[in-house]
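Report on the following structure.
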Amino acid sequence: MRALPAAVAAVVISGSSPAVAAVSPDYPLILDVDVTAVCGQPSTGRVTVFNPTGQVVEWRVRQNGVVITGSGTDFTLPGTGEFLVDAREPGRAYGKVWHDEVSDGCNPVRVVSVGDSVVWNQGVDQHQKFPRLTASLLGAATGRGFAHRDYSISGAVLDAPDVECPGSYVQDPDGDGEMELGEVTAQLPDVFCQLDKAAEHPTDLVIINGCINDMDPLLGIPLGITPGTEDVPTAVKRECGGVGAAPTNPARDVPYFSGAKVGYGGRGMREAIEKAHSLPGRPKVLVVDFYYALSRASFIPSWFCTDRGFSAQNEQLCLQNIARAPQRFEQFTRESGEAYRVAVAEANAASSDGPFAVVGDGLFTLDNAAFAADHKVWQLPHEDSQFSLRQEACPRYSATAVQCLTAAVAHPDTVGSRQYAENFLRNQQLRQWFGLDSVQSSLDMSREGDTVTLEAPAGQEFRWYFGDGTSAAGGRQVTHTYTTSGPHLPRVVVDGRLYEARDSVRVKAGI
């Protein structure tokens with residue numbers, strides 16, 4: 001085992017790091033529990049602990065009334081199902097509990113997640129992250145149980161064309177390729193590097209996203225300050241679609257942290273989707289669409305600009321342009337969703353073994369954005385479940401501590417995360433792939449100008465999502481008029497099943 005960063009160890013470090021004042025009561029904090037389940041045999045596991053004081057740590061594992069304690073790296077579970085892990089310095093209270101579960105290992109649904117802070121599910125405890133929930137729900141629905149491995153990391157770009165994949169990474173203290181310190185913002189490994197790491201094991205499903213950091217979600221998407229992001233549709237086509245990059249990266253020398261420095265141009269989502277399908281096991285691919293981080297339903301406080309550590313010039317630009325940030329985020333959400341849909345369609349059409357990819361929709365609306373009436377994202381830097389980890393880890397391992405500490409803002413909270421997972425399981429193609437009940441059908445649509453008439457398959461209860469961030473209950477047939485330019489892909493949930501229109505809608509009205 002190679003040397004670990006100070007204050008991080010596979011269970012125990014003795015005095016290797018200076019004490020930290022006012023350590024959160026969450027500590028020692030379980031960073032990761034890797035469990036290997038083998039059919040017909042007890043499951044074995046390994047614990048990784050983060051302890052800022054650098055003192056000796058002891059842990060305990062609790063399952064079905066059995067308690068296992070130790071201070072080494074490995075343990076054996078007494079059974080299957082849910083279990084709890086926590087740790088402490090001897091004689092002190094135990095820190096935050098890690099919730100986990102393990103199946104019998106005979107035929108689990110094997111799920112891998114790769115991507116940026118959206119798939120990492122910034123700020124959410126491990127057992128409530130939507131990739132983990134998706135794997136768990138799929139495992140329960142199939143009766144197979146699940147095994148989940150997560151290679152995503154906050155700050156990752158889709159592709160860094162001029163940067164080689166690193167051999168080791170500070171956010172991966174135990175060297176297994178998974179980013180146990182994924183809360184700490186960084187730009188590498190990119191999604192293609194993550195897929196390389198994921199190739200070590202057979203997989204049934206890959207959950208993936210990418211390209212938002214390549215456009216800079218702080219100064220690029222909302223404000224258009226980062227060079228190359230002035231026009232959102234053009235930037236999405238370049239970064240998500242992988243086409244149209246200039247020979248020289250216009251953002252390479254910007255004087256602030258930005259994924260656009262390394263992520264400009266490069267491969268697009270189709271290449272990432274196809275690479276995911278090439279992993280051992282020829283897995284299916286679920287592409288995660290974006291929610292509305294901000295929308296016109298949001299009230300945006302001034303600290304969005306003033307508390308980010310910007311230079312005086314960039315702070316002033318931020319304040320001047322913040323009024324258009326919600327509209328640009330809405331535009332990015334729609335344009336990236338369309339780019340994902342096109343990438344999936346092209347990858348499926350070129351596949352030699354049939355359709356293998358689908359875009360999963362979280363069915364988020366404008367009101368679910370930050371500082372909106374029904375928000376389902378974190379709104380304040382300190383309110384999320386993982387803030388105590390970032391409070392200690394960001395100054396140690398991040399070059400941009402202020403941005404790192406506030407990184408969970410406008411990411412799905414625990415309610416939004418469950419919404420993602422539950423709606424993914426409504427997707428009829430995904431259900432068919434895994435042998436669940438499914439109906440392959442789509443919406444009928446007619447159009448007159450900016451108004452569409454939509455008709456759903458037969459059912460009793462209908463909830464319409466029009467693709468422009470609005471939603472309504474209704475009957476089997478509805479009419480909707482668009483007031484933004486699109487692209488808009490209408491969807492409907494009928495008696496718990498999700499159906500989509502065959503094509504997106506673009507109209508003349510717009511922002």
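The values are calculated or read from the model by the stated rules, or taken from the named source; none is laboratory data. Worth saying up front: this structure is predicted, and the values here are computed from it rather than measured. Note: ideal-geometry Cβ built from the backbone for every residue, glycine included; neighbour counts use all protein chains shown.
Scanning the stretch 310-345 for residues that are part of a helix (DSSP H, G or I), among the polar types (S, T, N, Q) and surrounded by fewer than 17 Cβ atoms within 10 Å (Cβ to Cβ) returns GLN313, GLN316, GLN320, ASN321. Scan the stretch 236-257 for residues that are in contact (Cβ under 8 Å) with a residue 24 or more places away in the chain and surrounded by fewer than 14 Cβ atoms within 10 Å (Cβ to Cβ) and the total you get is 2.
The requirement of being part of a loop (DSSP other than H, G, I, E, B) and crowded, with 19+ Cβ neighbours inside 10 Å is fulfilled somewhere in the stretch 347-356, by at least one residue. Here ASP367, ASP384, ASP361, ASP413 are screened, and the one residue that is acidic (Asp, Glu) and surrounded by fewer than 21 Cβ atoms within 10 Å (Cβ to Cβ) is ASP367. Taking the stated definitions as given, is GLU164 in contact with a helix residue (DSSP H, G or I) (Cβ under 9 Å, 6 or more places away or on another chain), more than 29 Å from SER417 (Cα to Cα) and in the same structural domain as ASP125 (by TED's automatic domain parsing)? When the stated conditions are applied, GLU164 passes them. Does at least one position in the stretch 144-164 carry a residue that is farther than 24 Å from GLY45 by Cα and free of Cβ contacts under 8 Å to residues at least 12 places away in the same chain? Yes, the stretch 144-164 contains a residue that is farther than 24 Å from GLY45 by Cα and free of Cβ contacts under 8 Å to residues at least 12 places away in the same chain. In the set GLY95, GLY40, GLY54, only one residue is among the small types (Gly, Ala, Ser), over 30 Å from ILE207 (Cβ atoms) and either at pLDDT below 95 or part of a loop (DSSP other than H, G, I, E, B) (or both); that residue is GLY54. The listed residues are CYS193, CYS165, CYS240, CYS211, and the only one of them that is at pLDDT below 95, in contact with a Cys (Cβ under 6 Å, 6 or more places away or on another chain) and of a type in the set (A, V, I, L, M, F, W, C) turns out to be CYS165. Restricting GLN428, GLN460 to residues that are in the same structural domain as SER385 (by TED's automatic domain parsing), among the polar types (S, T, N, Q) and over 22 Å from TYR292 (Cα atoms) narrows the list to GLN428. What are the residues in the stretch 415-430 that are part of a helix (DSSP H, G or I), under 20 Å from THR365 (Cα atoms) and of a type outside the set (A, V, I, L, M), if any? GLY416, SER417, ARG418, GLN419, TYR420, GLU422, ASN423, PHE424, listed by residue number.
Cβ-Cβ distances below 6 Å connect the following pairs, each with a first residue in the stretch 328-342 that is of a type in the set (A, V, I, L, M), a second residue that is in a helix (DSSP H, G or I), and a separation of six or more residues or different chains: ALA339/VAL236.
Per-residue answers, yes or no, for (1) part of a loop (DSSP other than H, G, I, E, B); (2) more than 17 Å from THR365 (Cα to Cα); (3) touching a strand residue (DSSP E or B) at 6+ places or on another chain (Cβ under 7 Å):
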{"site": "GLN432", "(1), (2), (3)": "no, yes, no"}
{"site": "ASP437", "(1), (2), (3)": "yes, yes, no"}
{"site": "SER446", "(1), (2), (3)": "no, yes, yes"}
{"site": "VAL452", "(1), (2), (3)": "no, yes, yes"}
{"site": "ARG463", "(1), (2), (3)": "no, no, yes"}
{"site": "ALA473", "(1), (2), (3)": "no, no, yes"}
{"site": "THR479", "(1), (2), (3)": "no, yes, yes"}
{"site": "THR484", "(1), (2), (3)": "yes, no, no"}
{"site": "VAL492", "(1), (2), (3)": "no, no, yes"}
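Scanning the stretch 422-430 finds no residues that are touching an Asp or Glu at 6+ places or on another chain (Cβ under 6 Å) and of a type in the set (D, E, K, R).
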